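*Asks:* First the structure, which I've put down as structure tokens, then a few questions once you've had a look.
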Amino acid sequence: VKPVTPRCIVPKAIPVGKTASLHCHENEGYPKSTYSWYRNSEPLSPDTKSNAKLQNSSYTINPTTGTLVFHAVHKGDTGRYSCIATNDAGFAKCEEQEMEV
């Protein structure tokens with residue numbers, strides 16, 4: 001069963017240095033969906049260590065729960081965030097939402 005449009009929860013504004021949690025979830029897809037996050041239409045790598053551009057980023061993505069956590073946000077984390085739920089039957093994307101740091 002193809003995923004339905006996931007529900008994305010993105011905080012509107014976060015002070016620099018604070019923790020920010022973004023959530024993405026849908027529960028109709030079967031098998032269960034995995035989740036990937038995008039900032040300004042660019043995919044956020046789940047592995048920040050291997051990507052030189054992201055080594056200063058302090059976020060973790062849990063593809064199973066759809067949670068994206070920034071441990072200490074900085075100005076560069078400002079942007080439009082969206083999430084895609086994917087399974088064997090297809091994928092669905094939530095609307096982009098702005099997060100300002």
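The values are calculated or read from the model by the stated rules, or taken from the named source; none is laboratory data. On a predicted model such as this, the values are computed, not experimentally measured, just so you know. Side chains are part of the model used for accessible areas, which takes the heavy atoms of the whole protein and leaves out ligands, DNA and RNA. Shrake-Rupley method; radii C 1.70, N 1.55, O 1.52, S 1.80 Å.
*Asks:* Ignoring ligands and nucleic acids, what accessible area does Thr78 show with a 1.4 Å probe (Å², nearest 10)?
*Replies:* 50
*Asks:* Lysine pairs in the chain with alpha-carbon atoms under 29 Å apart, 8 or more places apart or on different chains: how many are there?
*Replies:* Here the count comes out as 18.
*Asks:* Taking 0.36 nm per residue of sequence separation and subtracting the Cα-Cα distance, how much length would be gained by fully extending the chain between Ala72 and Val16, in nm to one decimal?
*Replies:* Details: separation 56, 0.36 × 56 = 20.16 nm, distance 0.71 nm.
Full extension of this stretch gives 19.5 nm more.
*Asks:* Once you have the Cα-Cα distance between Arg7 and Gln97, take 0.36 nm times their residue separation minus that, and quote the gain in nm to one decimal.
*Replies:* Values: separation 90, 0.36 × 90 = 32.40 nm, distance 1.12 nm.
Additional length available on full extension: 31.3 nm.
*Asks:* If you average over every viewing direction, what projected area does the convex hull of the Cα atoms of the chain give, in nm²?
*Replies:* 5.8
*Asks:* State the extension gain, in nm to one decimal, for the chain segment bounded by Arg80 and Thr65, taking 0.36 nm per residue of separation less the distance between their alpha-carbons.
*Replies:* Numbers: separation 15, 0.36 × 15 = 5.40 nm, distance 2.02 nm.
Contour length minus the Cα-Cα distance gives 3.4 nm.
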